[in-house]
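Report on the structure given below.
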Amino acid sequence: MTQPSLSWQDAAGDSREIGFRPGQSIAAALTAAGVRELRATRRGLDGEGRGLHCGMGVCQDCLVEVDGEPNTRACVTKARLGMRLRHQDFPGVARLLDGPVPVPDDSPLPAPQVVDLLVLGGGAAGLSAAIAARRCGLDVLVVEERGALGGQYYKQPAPGLDASALDAQQAEGGALAAAAEASGARILRGAELWGAFDLDRLAIFDGTRTRLVAPRAVIVAAGAYERPHVVPGWTLPGVMTTGAAQTLWRSHRVLPGRRVLVAGNGPLNMQVACELAEGGAQVVAVAEAAPHPARRPLAAVALAAADPVLAAKGVRYLAALARRRVPLLHDTVLRAVARAPSGALQATLTGGAAFEADAVLLGYGFLPSHETLRALGAECAFDAARAQFVPLRDDDAMTTVPGLFAVGDCAGLGGAPAAREEGVIAAVAVALRLDREVPVAMLEARTAARLRLARHRRFQDALWALFAAPRAGLSLAEATTVVCRCEEVTKGEIDAALADGAPALGEVKRRTRCGMGRCQGRYCGQLLAEHLAATQGRPLDNLALFAPRAPVKPIAIADIVALDRAP
């Protein structure tokens, strides 16, 4: 069978045909063909354009032009036969249609769709919540922005790829997704919430039109995205998060490169290194910021006591790396990335070690995706131990906004097992709040979920005691290092904006445009807030971050006004 193909035109104007497997994303197809740079930048401060970085549609760096239309995220857009792809010029201005621009008519807005429960996110927490809510008799709508259910932990094979599960983790995710499908919950794939105006005034773009939804309760299960590690060269094509690399392999069966370096903090990096090595990549080293576990024996014992199965899984990763003779460097942090004369990336680590690689993978922890929660008025507090903002919740996972629940990693990084338990607890709480008669079996399931959740949280506490490491913030950035990826604002420009006094976060944003880009400050916002706290003594409280506002993610005006007016 002939492999489908698409055409790619690079920055120099040279074109070629690129084959791909059905179901693969544009980013996966281009990465498999060795294409790293996907778009130009406004200022070109690092001498190169941008490429795949987060792999989950958050950073907006992998924009390409598709069939003449710019600003398409390559990481979340499926490759299609005959696509014409082009390296995107900055800023990627959409071409206007010939003739008059259509405008919406003046008919009344459509009535919003009323549902008992809206679940935002189709990962471990969201799917568990949807299944439990259906068992309680609720009308449930699930909104998932990707084509596949399962989220970042389960990372299912891309729909259409016709690939079997790689391991038990992926198989478990497939079973969970199938159970959600069979539950009777309505599931919107490839849909994004762009407007969170009030709990009963939500705007969702389903890929064709904007839907207005008025849920009686909302469970946000938006997950998390990887914490930025700002060093010289972190914006170069080929530097991506460990999550992006894992998605390439687990969802699309594409390696991020033949030679890869993994640098970060936490067990995910060891897992990804093992998976890529098993897939055929040469892992030149794993740089772990935390000290060797032998230096923290009490945390190691507590970890094994909390969950022997997961602890044993970690030991197997260590053994696999040792068996493949992959250097595991503790107390080691990535300091800089540059382009080597060979064309590969050269990564320099603390201690002076340097490695050449096709891809440099960064995994320095995660930040909760709490933008929608904050937009709806949920109060957040700064967790100093984990250096993250988390929503305040009660024992049922309800936030400070009645009827608004937060479960999973968007509410604090607790891992997929804990997320599933929180989904069950929140769903039962919603049913009781809506005065539904909850089956005894679901009340018992909630009690069991609370017990398991306590154990999972003990495991997470021990895990991060074992992997505790200093966070670099902006300490490794030079004056010319880009901090705001979208607007290309450098560390030096931020420092200059702070030089004449103690401006607040919003003032720094206005002076520098830091946080005004397409990712809306997701990557630079907390970095800037922490920098101001450290240099000016400002509190890290509910007002420390950029104010959330619609659209939550970039959306074309034409898609905003394309309201679903169907009866």
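Odds and ends about this structure:
- For segment 103-227, the Cα gyration tensor yields ellipsoid semi-axes of 27, 17, 13 Å (square root of five times each eigenvalue, largest first, whole Å).
- Positive-end ranking of GLN536, GLY257, GLY150 along the dipole of the chain, with charges on Cβ about the Cα centre, is headed by GLY257.
- For chymotrypsin sites (Phe, Trp or Tyr not before Pro), no site in segment 176-261 is both called loop by DSSP and has at most 13 other Cβ atoms within 10 Å.
- Helix-derived mean residue ellipticity, 222 nm - over the chain, DSSP H n ≥ 4, -39500 (n - 2.57), to 500: -9000 deg cm²/dmol
- The mean of 1/r over all distinct Cα pairs in segment 235-363, once inverted, gives the Kirkwood hydrodynamic radius of 15.0 Å.
- Translational diffusion coefficient (Stokes-Einstein; Kirkwood radius from C-alpha pairs) of segment 482-536 at 25 °C, 0.890 mPa s, in µm²/s: 227
- Positive-end residue of LEU81, ALA504, GLY233, charge dipole of the chain with Cβ unit charges: GLY233
- Proximal lysines to LYS78, defined as alpha-carbon separation beneath 25 angstrom and excluding residues fewer than eight positions away on the same chain: LYS155, LYS553
- Here's the picture: charge each Lys and Arg Cβ at +1 and each Asp and Glu Cβ at -1 in the chain, and of GLY517, GLY408, ALA306 the one pushed furthest to the positive end of that dipole is ALA306.
- Here is what passes the span test in the chain: the DSSP H helices with alpha carbon length of 15 Å or more along the helix axis and a Kyte-Doolittle mean of 0.0 or above are 124-135, 168-182, 267-279, 308-323, 416-433, 525-536.
- Within segment 5-86, the ratio Rg/Rh, alpha carbon atoms throughout and Rh by Kirkwood, equals 0.93.
- Fraction of beta bridges assigned by DSSP in segment 204-328 that are antiparallel (%, nearest 5): 20
- Basic side chains Lys and Arg get +1 at the Cβ, acidic Asp and Glu get -1 at the Cβ, and with that the dipole of segment 350-508 about its Cα centre reaches some 820 debye.
- Put simply, the C-alpha atoms of the chain give a gyration tensor, and the ellipsoid matching it has half-axes of 33, 30, 26 Å, longest first.
- Excluding same-chain neighbours fewer than eight residues apart, the lysines reachable from LYS509 by a Cα-Cα span under 16 Å are LYS491.
- Partnerless cysteines in the chain, where a partner means another cysteine C-beta under 4.7 angstrom, comprise CYS62, CYS75, CYS136, CYS274, CYS380, CYS410, CYS486, CYS519.
- Cβ-based exposure ranking for GLU530, GLU145, GLU181, GLU226, in which fewest neighbours within 10 Å come first: GLU181, GLU530, GLU145, GLU226
- Vicinal HN-Hα couplings computed from phi for segment 27-41 (Karplus, 6.51 cos²θ - 1.76 cosθ + 1.60; Hz; Gly/Pro x): 4, 5, 4, 5, 5, 4, 8, x, 7, 9, 8, 10, 8, 7, 10
- Percent of beta bridges antiparallel (DSSP, the chain, rounded to nearest 5): 50
- Taking Cα centre as origin and charging only the Cβ of basic (Lys, Arg, +1) and acidic (Asp, Glu, -1) residues, the dipole magnitude of the chain rounds to 1000 debye.
- Tail weight of P(r) past 21 Å, computed on alpha-carbon pairs of segment 462-567, percent: 45
- Stretching ALA479 away from GLN536 to a fully extended chain increases their span by 18.6 nm, per 0.36 nm per residue minus the current alpha-carbon distance.
- Maximal additional length on extending the SER15-ALA387 stretch stands at 129.4 nm, based on 0.36 nm per residue less the C-alpha distance.
- Peptides 409-421, 14-26 ranked from most to least packed, by the mean per-residue count of other Cβ atoms within 10 Å: 409-421, 14-26.
- The ranking of THR247, THR72, THR400, THR447 from fewest to most other beta carbons within 10 Å of each one's beta carbon is THR447, THR400, THR72, THR247.
- Highest mean packing comes first when the peptides 184-190, 138-144 are listed by Cβ atoms within 10 Å, giving 138-144, 184-190.
- About its Cα centre, segment 330-414 has a charge dipole of approximately 340 debye under the convention of +1 per Lys or Arg Cβ and -1 per Asp or Glu Cβ, with nothing else charged.
Taken together, the values in this text are just the output of simple stated rules run on the coordinates, not laboratory data. Predicted model only: the values in this text are computed from it and were never measured. A quick note on method: Cβ atoms are made from the backbone with ideal geometry, for glycine too, and the neighbour counts reach across all protein chains shown.
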